[in-house]
Amino acid sequence: MQITIDNLSYTYTDPSGQTVHALQSVSCSIDPGDFTGIIGRTGCGKTTLILLIAGLLTPTKGHIFLDGRDINDKSYDRNLLRQSIGVVFQYPEVQLFETTVEKDVAFGLTYSRLGSKEKEDRIEWALETMGFDFEKIRKQSPLALSGGEKRRVAIAGVLAVKPKILIFDEPIAGLDPYGRQNFMELVSRLNDDGTTIIMISHNMDALAEYTKRLIVLDEGKVIQSGKTRDIFLGWGRDTRGTEPQQIASLISKGKNTLLDDVVTYDDLIFALKKQLLGVEQHE
Ligand SMILES: Nc1ncnc2c1ncn2[C@@H]1O[C@H](COP(=O)(O)OP(=O)(O)O)[C@@H](O)[C@H]1O
Ligand SMILES: [Mg+2]
């Protein structure tokens, strides 16, 4: 599904009547099958943007179109929206509340029209996709699991719906490096299978490695958007509020022209091989 965001603004009014212009005239688009990262410093409007895309907030101004249709139009089918877009909020594990893992994942399918056999197949698929042995995990209490396992169960609940668009708000915050890599690889596989991924993250290394495109926000506005590689290679020009990825500081770019094209660890290995061994191509 094509997402088109047109001149979108959102203003919060807090109980004291103070207004916060969280988003101001944001326009951008996300193609079917994209893996898009949203970056920018805390408070720049990232979470507000995804809440609007998922139809959980109504724009103060502007429009969000899915395949050309305005999701805030009265005639737009809310059930279709719920089936099309899955959102995994920050620390989703706090939302687990059922007595078994299986019931928790099934909760996501409450509104689906699937039969009970199909529902069970979906639950099994979602939990196995998240790296669990279905038979072992299904009857366990979610509360007895580790933090990382709880998070994977919560994500399985969103996956079970098989949304065409999956949105994650800082999904790897607080995971160890192994957990982060596992998670990013899993999301990449879902993207390879055609799911559009939108991911907010402060982890520039993970974004450099896995995303195809980036949207950079600052104070409620889009200050850059484009291919991940182009944005990281142009780092420092106009990416206020975000840190250069670790790898760039590791190799102190600019001192050695051989390293000019390095964004990911693969690139770094390639550049070093080229320098040390004279190897000319990615293997
Ligand atoms: N419920 C709310 N009421 C009032 N202001 C809010 C509310 N939620 C967020 N904001 C404000 O809107 C701005 C954007 O917030 P948010 O979208 O959460 O940014 P980010 O996810 O990039 O940290 C911030 O200034 C934030 O303080
Ligand atoms: Mg946020």
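If the convex hull of the alpha-carbon atoms of the range 1-142 is projected onto planes in all directions, what is the mean projected area in square nanometres? The partial results should precede the final answer.
Working: hull surface 43.9 nm².
Quarter of the Cα hull surface area: 11.0 nm².
Calculate, in nm to one decimal, what residue 134 and residue 188 gain on full extension: separation in residues at 0.36 nm each, minus their alpha carbon distance.
Here the segment from residue 134 to residue 188 would lengthen by 17.3 nm.
Quick one: 218, 260, fewest Cβ neighbours within 10 Å first, how do they rank?
Exposure proxy ranking, most exposed first: 260, 218.
Of 221/274; 150/212; 46/136, which ones are farther than 31 Å apart at the Cα?
Values: 221/274 40 Å; 150/212 28 Å; 46/136 37 Å.
Distance filter (> 31 Å) returns 221/274; 46/136.
Please state the equivalent ellipsoid semi-axes for the range 3-244: what are the square roots of 5 times the Cα gyration tensor eigenvalues, largest first, in whole Å?
Details: eigenvalues 179, 94, 58 Å².
Ellipsoid semi-axes (Å, largest first): 30, 22, 17.
Can you check what the net charge comes to around residue 195, using other residues whose Cβ is under 11 Å from the Cβ of residue 195 (Lys, Arg +1; Asp, Glu -1)?
0
Net charge around residue 47, counting only other residues with Cβ within less than 14 Å of its Cβ (Lys, Arg = +1; Asp, Glu = -1)? Don't skip to the answer; put the middle values down first.
Working: positive: 41, 46; negative: 169, 170.
My count for the surroundings of residue 47 gives 0.
If one computes the Cα centroid of the range 74-135 and of the range 1-69, what distance in Å separates the two points?
Each part's Cα centre sits 24 Å from the other's.
Order 46-54, 74-82, 151-159, 187-195 from most to least packed using the mean count of other Cβ atoms within 10 Å.
So the order, starting with the most tightly packed, is 151-159, 46-54, 187-195, 74-82.
What is the spin-label model distance, in nm, from residue 266 to residue 141 if the labels are put 7 Å beyond Cα along the C-beta direction?
Calculated label separation equals 4.5 nm.
Under 1.5 on a/c is rounded, so check that first for the range 80-185, then, if it is not, pick prolate when a/b is larger than b/c and oblate when it is not; a ≥ b ≥ c are the square roots of the alpha carbon gyration tensor eigenvalues. Could you put the intermediate results ahead of the total?
Values: a/c = 1.70, a/b = 1.21, b/c = 1.41.
Note, shape of the range 80-185 comes out oblate.
Can you give the local net charge around residue 33? Use residues other than it whose beta-carbon is closer than 10 angstrom to its beta-carbon, Lys and Arg +1, Asp and Glu -1.
Net charge in that neighbourhood comes out at -2.
Any read-out appearing in this document is the output of simple, stated calculations on the displayed coordinates, not a laboratory observation. Given the structure is predicted, the values throughout are model-derived calculations rather than measurements. Here the Cβ is made from the backbone with ideal geometry for all residues, glycine too, and neighbour counts use every protein chain on show.
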